[in-house]
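Take a look at the structure below.
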């Protein structure tokens, strides 16, 4: 198989997330439609389901499942190569080749990895879109505080983002698809789970309910489910 280094590494970064929700291990499933990988974060606060489309590969082969247990390091290894790489699997080794060097990555048997891939069934009240850059600006406001939470509430044709803490920001955006009635609060896991996304985001909300964040691009589809922060009684 052949693919651009940045395309594969960028896809794996979105999947593996960062910070408290970073995913270190998983099974890369090279299927007929492309590369698919799903996993829960260790804390079970976030679930991510990702698909890198077959068409981004200049040469593609459905080689089956590839188990890896150190995804952040695999990403750094890929970034040691130039613009294009080729991938081959033989036995328990995944070989990555560039123009003038190669690396052999030892694979891990699926039995040693968390391979739960069941997608939850969820029903939402409202769905809207927002550019990832705008969402990251909201995150920067939240991070002006320590241990703040972010409440997202929909109204008729608008969405409000309000955080707790000493510096209480309120960001309001137009959202013509919203009818109102959805309201949920999230903590740091939301930021850690979605901060690597860089496309247009489709966000679905309920009331005190998990959030679904979906990023669709020409090359991939990444879906992230984030558990809400539940107030202690």
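Structure summary
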quantity: Test: residue 44 is out of contact with any helix residue (DSSP H, G or I) (no Cβ under 9 Å at 6 or more places or on another chain) and at pLDDT 95 or above; calculated: no
quantity: Residue within region 64-83 that is in a loop (DSSP other than H, G, I, E, B), closer than 30 Å to residue 122 by Cβ and at pLDDT below 95 present; calculated: yes
quantity: Members of region 58-94 found to be farther than 21 Å from residue 24 by Cβ and out of contact with any strand residue (DSSP E or B) (no Cβ under 8 Å at 6 or more places or on another chain), listed by number; calculated: 82, 90, 91
quantity: So residue 41, is it surrounded by 18 or more Cβ atoms within 10 Å (Cβ to Cβ) and either in the same structural domain as residue 218 (by TED's automatic domain parsing) or in contact (Cβ under 8 Å) with a residue 60 or more places away in the chain (or both); calculated: yes
quantity: When residues of region 2-28 are limited to those that are closer than 17 Å to residue 219 by Cβ and in a strand (DSSP E or B), the one nearest to the chain's Cα centre (by Cα); calculated: 28
quantity: Matching residues, region 83-92, being loosely packed, with under 12 Cβ neighbours inside 10 Å and either at negative phi or touching a helix residue (DSSP H, G or I) at 6+ places or on another chain (Cβ under 6 Å) (or both); calculated: 83, 90
quantity: Count of residues meeting criterion [at pLDDT 85 or above and part of a loop (DSSP other than H, G, I, E, B)] in region 88-130; calculated: 14
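The values are calculated or read from the model by the stated rules, or taken from the named source; none is laboratory data. Just so we're clear, the structure is a prediction, and the values are computed from it rather than from any experiment. As a convention, Cβ positions derive from the backbone with ideal geometry for all residues, glycine included, and neighbour counts pool all protein chains shown.
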